[in-house]
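Since every read-out is calculated from the coordinates, none of them should be taken as a lab result. In this text the structure is predicted, and so the values were computed from the model without any measurement. Here the Cβ positions follow ideal geometry from the backbone for every residue, glycine too, while neighbour counts run over all protein chains shown.
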Amino acid sequence: MSGDHEIMSETIDFPNMRDSTHGEGLRDFIKELPENIVMAEIGCYLGDSTLIFLETGKISKMFCVDPWENGYDDKDTSSFTIPMEIVHDRFLEQTIKYQDQITIMRMKSEDACHQFENESLDMVYIDGNHIEEYVEKDVLAWYPKIKQDGIIAGHDFYEGNIIGKTILKIFDKIDKTFIDSSWMKIKK
């Protein structure tokens, strides 16, 4: 981390991406998971959900995929309100305790998925770019990477929103939703 970014990150009011309801909902989601999961998280931002996953002790290896680039979506204020170098630095600060369990893949999802064999992951959790085209690309690109009886999941699923519509267009139905708007589909 550069010194300038470190100083700036102390003065920035970062958004709380996982307030108590969202944290509780993600913990409920994680209760459904088996032990020793090898997973990829698509869209890590500050690392709030990354930490929740890792703190449970259920994740043996986590691939954290995020390009940390500004301007990916002009409707998502997270993409342009804070310089992504600072966001990335905060992610590193927050996850340092788990550096042996995580592999940071600073790249776009569409590039990262090609580095995994098919059926090599227990779970993929998608919370990346929320534009319909990218939601669909992420789900379709990562689904083959998940083992049989593994889980594809993500965040921000609401009936009628773009993510909900896109997920239901692909799968017709999902297995479960959670209070934090996480969703889960078991690969059969």
| query | Any idea how far apart Gln94 and Asp111 come out in nm if each label point goes 7 Å out from Cα toward Cβ? | reply | 2.3
| message | I need to check one value: relative contact order of region 37-156, counting alpha carbon pairs closer than 8 Å and at least 6 residues apart, in percent. | response | 31
| query | Pick the calculated Rg and Dmax of the Cα atoms in Å for this structure from [x] 18.1, 68; [y] 18.0, 57; [z] 15.7, 49? | reply | [z]
| request: Using +1 at the Cβ of each Lys and Arg and -1 at the Cβ of each Asp and Glu in the chain, identify which of Gly150, Gly160, Trp183 lies farthest towards the dipole's positive end. | output: Gly150
| request: Step through the residues of region 148-162 one at a time and calculate ³J(HN,Hα) from phi using the Karplus curve (6.51 cos²θ - 1.76 cosθ + 1.60, θ = phi - 60°), rounding each to whole Hz and writing x for Gly and Pro. | output: 4, 6, x, 10, 10, 8, x, 10, 6, 8, 9, 4, x, 7, 4
| query | When we measure straight from the Cα of Lys137, which lysines land under 23 angstrom away, once same-chain ones fewer than 8 places off are left out? | reply | Lys75, Lys108, Lys145, Lys147, Lys165, Lys169, Lys173, Lys176, Lys185, Lys187, Lys188
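So what's the convex hull volume per residue for the Cα atoms of region 35-124, in Å³?
Working: hull volume 8.5 nm³, N = 90.
In region 35-124, the Cα convex hull volume per residue is 94 Å³.
Note down the magnitude of the dipole of the chain about its Cα centre, charges +1 on Lys and Arg C-beta and -1 on Asp and Glu C-beta and zero elsewhere, to the nearest 20 debye. Please report the intermediate quantities before stating the final value.
On the way: 20 positive and 37 negative charges, 164 e Å.
In total the dipole reaches around 780 debye.
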| Taking amide hydrogens as modeled 1.01 Å from N in the peptide plane, which residues meet the under 5 Å criterion relative to Phe63, leaving out close sequence neighbours? | Met39, Ala40, Glu41, Thr103
| said: Apply the Karplus curve 6.51 cos²θ - 1.76 cosθ + 1.60, θ = phi - 60°, to the phi angles in region 70-82 and return the couplings in whole Hz, x for Gly and Pro. | reply: 6, x, 6, 7, 6, 9, 9, 4, 4, 7, 9, 7, 10
| field | Cut-off under 5 Å, modelled amide H: who pairs with Lys187 long-range | value | Asp149, Gly150, Ile151, Ile152
| request: Compute the length gained on full extension between Val38 and Ile179: take 0.36 nm times their separation in residues and subtract their Cα-Cα distance, giving the result in nm to one decimal. | output: 48.4 nm
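Per 0.36 nm of contour for each residue apart, how much would the distance between Asn161 and Gln148 grow if the chain were fully extended, relative to their Cα-Cα spacing? Intermediate values should be presented prior to the final figure.
On the way: separation 13, 0.36 × 13 = 4.68 nm, distance 2.84 nm.
Computed gain between Asn161 and Gln148 is 1.8 nm.
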| said: Using helices alone, I'd like the mean residue ellipticity at 222 nm for the chain: each DSSP H run of four-plus residues gives -39500 (n - 2.57), total over residue count, nearest 500. | reply: -10000 deg cm²/dmol
| remark: Fraction of alpha-carbon pairs in region 85-188 farther than 18 Å apart, rounded to whole percent, equals 53
